[in-house]
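Have a look at the structure below before the remarks.
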Amino acid sequence: AQSVTQLGSHVSVSEGALVLLRCNYSSSVPPYLFWYVQYPNQGLQLLLKYTTGATLVKGINGFEAEFKKSETSFHLTKPSAHMSDAAEYFCAVSEGSNDYKLSFGAGTTVTVRA
Amino acid sequence: EADIYQTPRYLVIGTGKKITLECSQTMGHDKMYWYQQDPGMELHLIHYSYGVNSTEKGDLSSESTVSRIRTEHFPLTLESARPSHTSQYLCASSDVGFTDTQYFGPGTRLTVL
């Protein structure tokens with residue numbers, strides 16, 4: 001069975017500061033991992049995904065995430081926050097035992113202070 | 001431009017009414033999904049389809065039903081709406097690969113009084 005835990009339902013950062021969003025997963029087999037972003041009154045948009053190969057994955061808008069199998073983590077980072085990064089972020093996992101359907105975490109809301 | 005559409009965006013309706021939430025995509029994707037999203041909670045998969053005439057129930061039990069008569073169209077119906085159905089409903093689609101990205105519509109926010 002697969003599940004996702006996002007540590008911290010709300011994160012507040014200053015503009016220009018590091019953004020770090022934590023995601024841990026449990027999976028019985030090597031999973032595929034995703035980060036999605038949701039802006040107010042919109043659907044989810046894919047930021048990045050890990051499938052195989054390089055464990056450091058670069059996505060859109062300057063975000064990146066690193067798959068650490070030993071820590072069962074897939075934390076999302078951005079070196080310098082911008083006001084436009086204010087949104088809700090969801091980590092998700094899929095695996096073959098669940099027919100590759102996505103299981104989502106509860107989300108982390110990011111606010112950016114000027 | 002390829003996209004995924006949901007209508008209506010907002011719906012306020014009384015208890016006992018029948019409603020249909022529309023979802024259409026222009027990307028030719030075989031897989032389509034319906035998720036339920038409540039504030040501060042994870043998205044829960046309530047229905048999915050892997051092609052025309054294929055529908056399955058998701059991980060979260062739902063009183064809604066779906067149909068897939070055309071590839072591009074995946075409507076969700078509630079025969080008798082109740083206040084417990086108040087939520088946001090998100091539709092998504094993806095291509096057939098295991099790692100293919102799911103593309104989401106803007107959602108329908110349903111309020112049942």
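What follows draws every value from the coordinates through simple rules; no lab data is involved. These figures come from a predicted structure and were not determined experimentally. Note that each Cβ is placed from the backbone with ideal geometry, even for glycine, and that neighbours are counted across all protein chains shown.
For region A:1-111, the residue among A:Gly107, A:Ala86, A:Phe67 whose Cα projects farthest onto the positive side of the dipole built from Cβ charges is A:Phe67.
Between B:Val52, B:Val12, B:Val66, where does the largest GNM mean-square fluctuation fall for chain B, given springs only between Cα atoms within less than 10 Å? Among B:Val52, B:Val12, B:Val66, the largest GNM mean-square fluctuation belongs to B:Val12.
Sorted from largest to smallest, which semi-axis lengths in Å does the alpha carbon gyration tensor of the protein assembly as shown give for its equivalent ellipsoid, taking the root of 5 times each eigenvalue?
Details: eigenvalues 175, 86, 49 Å².
The three semi-axes for the protein assembly as shown are 30, 21, 16 Å.
Sparsely packed loop sites in region B:1-99 (the chymotrypsin sites (Phe, Trp or Tyr not before Pro) outside DSSP H, G, I, E and B with at most 16 other Cβ atoms within 10 Å) comprise B:Phe98.
Close amide H contacts of B:Lys17 (hydrogens built in the peptide plane, cut-off under 5 Å, sequence separation of 5 or more or a different chain): B:Ala81. In this structure the amide hydrogen of A:Gly107, modeled in the peptide plane, comes within under 5 Å of the amide hydrogens of A:Gln6, A:Cys91, none closer than 5 places in sequence on its chain.
Here, chain A has an Rg and a Dmax of 13.6, 45 Å when only alpha carbons are counted. From least to most packed, judged by other beta carbons within 10 angstrom and beginning with the fewest, A:Leu20, B:Leu11 follow the order A:Leu20, B:Leu11. Think of each Lys and Arg Cβ as +1 and each Asp and Glu Cβ as -1; about the Cα centre, that makes the dipole of the protein assembly as shown roughly 300 debye.
With +1 on each Lys and Arg Cβ and -1 on each Asp and Glu Cβ, how big is the dipole of chain B about its Cα centre, in debye rounded to the nearest 20?
480 debye
Note on A:Tyr50, A:Tyr36: ascending count of other Cβ atoms within 10 Å places them as A:Tyr50, A:Tyr36, the fewest first. Close amide H partners of A:Tyr100, meaning residues 5 or more places away or on another chain with modelled amide H under 5 Å apart, are A:Glu95. The alpha carbon centroids of region A:28-76 and region A:81-114 are separated by 8 Å. Overall, chain A carries a charge dipole of about 80 debye about its Cα centre when +1 sits on the Cβ of Lys and Arg and -1 on the Cβ of Asp and Glu, all other atoms neutral. Loop-located GluC sites (Glu not before Pro) in region B:1-101 (DSSP state other than H, G, I, E, B) with a sparse environment of at most 10 neighbouring Cβ atoms within 10 Å: B:Glu1. Phi angles of region B:15-20 translate, via the Karplus equation with coefficients 6.51, -1.76, 1.60 and θ = phi - 60°, into HN-Hα couplings of 4, x, 6, 8, 9, 10 Hz per residue; Gly and Pro are given as x.
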